[in-house]
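A short worksheet on the structure shown next.
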Amino acid sequence: PRDMPLDEAITHFNITHISLVPTQLHRLLSNSGGQKALSGLKTILLGGGPSPDKLIHMAVAEGLHLQTSYGLTETASLITATSPDETLDALLTSGHPLESNTVCISADGEIEVRGASLFSGYLQDSLLHLPLTPDGWFATGDMGSFDACGRLCVFGRKDNRFVTRGENVYPEEIELQLTRIDGVEEAVIVPMPHEAHGMV
């Protein structure tokens, strides 16, 4: 049935593998029916937006088989992912590129991608336009880096960045730290104009 709740659909259709966004996983973990449905899954692919550390910890504590990922519409979904049954440290990243030489970090920290899954371009005036850097990469607008193990860590959106006292600030990084504090469920950082510091 079309309007069947997700937890019921997982059980009704004997689903074994599922792709969820963080909000869906949070909602399922927040009720007993959802927890029961999740416990029968072989793999949960998590992506489509930032995944709070607390959510990853909750899923691991429930014994769920989680794989975190990074992707975008322009790459036909994911381009990096963790392996099955990874450590908690690995799950707090977006994993390794699925194919070598398809993800890089530009000089200013922007995530750039290329490869067979990259889209053909944006439709403009009935023509396809594929905006690539001079060396053939697609700039995602997301900021990140690779950790010591070669796993992608995403900081936030380039267009969310603001400058205070000459320093680049990514709201998502501050929000992540705030949500690590006991009792803080969600946090939103917005820049405000400041006479001396530019933005605060």
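The values are calculated or read from the model by the stated rules, or taken from the named source; none is laboratory data. Predicted model only: the values in this text are computed from it and were never measured. Virtual Cβ from ideal backbone geometry, glycine too; neighbours counted across all protein chains shown. Areas reflect the complete protein model, heavy atoms only, side chains present, ligands, DNA and RNA absent. Shrake-Rupley method; radii C 1.70, N 1.55, O 1.52, S 1.80 Å.
Shape descriptor for the range 46-94: Rg over Rh equals 0.97 (Cα atoms; Rh from the Kirkwood inverse mean 1/r). Short-range pairs are left out: with C-alpha atoms under 8 Å and at least six residues apart, the relative contact order of the range 1-68 is 34 percent.
Surface composition of the chain: carbon plus sulfur atoms hold 54% of the accessible area, using a 1.4 angstrom probe and ignoring ligands, DNA and RNA.
Counting only residues at least eight positions apart within a chain, or on another chain, the lysines with an alpha carbon under 22 Å from that of Lys54 are Lys36, Lys42. Rg over Rh for the range 15-132 works out to 1.05, both radii taken from alpha-carbon positions and Rh defined as the Kirkwood radius. The modelled label-to-label distance for the pair Arg157/Met4, using points 7 Å beyond Cα in the direction of Cβ, is 3.5 nm. The ellipsoid equivalent to the alpha-carbon distribution of the range 87-149 has semi-axes of 27, 13, 10 angstrom, derived from the gyration tensor eigenvalues as √(5λ) and listed largest first. Per residue, the chain exposes 60 Å² of solvent-accessible protein surface, assessed with a 1.4 angstrom probe and all protein chains in place.
The label-point distance for Asn101 and Ile174, in a model that sets each label 7 Å from Cα toward Cβ, rounds to 4.1 nm. In the chain, the DSSP beta bridges split such that about 80 percent are antiparallel, to the nearest 5. Each helix, a run of at least 4 DSSP H residues, gives -39500 (n - 2.57); summed and divided by the residues of the chain, these come to -6000 deg cm²/dmol at 222 nm. Each peptide in 128-135, 163-170 was scored by the mean count of other Cβ atoms within 10 Å over its residues; highest first, the order is 163-170, 128-135. Using a simple spin-label model with pseudo-atoms 7 Å out from Cα toward Cβ, Leu29 and Asp89 lie 2.1 nm apart. A viscosity of 1.306 mPa s and a temperature of 10 °C, combined with the Kirkwood radius over Cα pairs in Stokes-Einstein, give a translational diffusion coefficient for the chain of 85 µm²/s.
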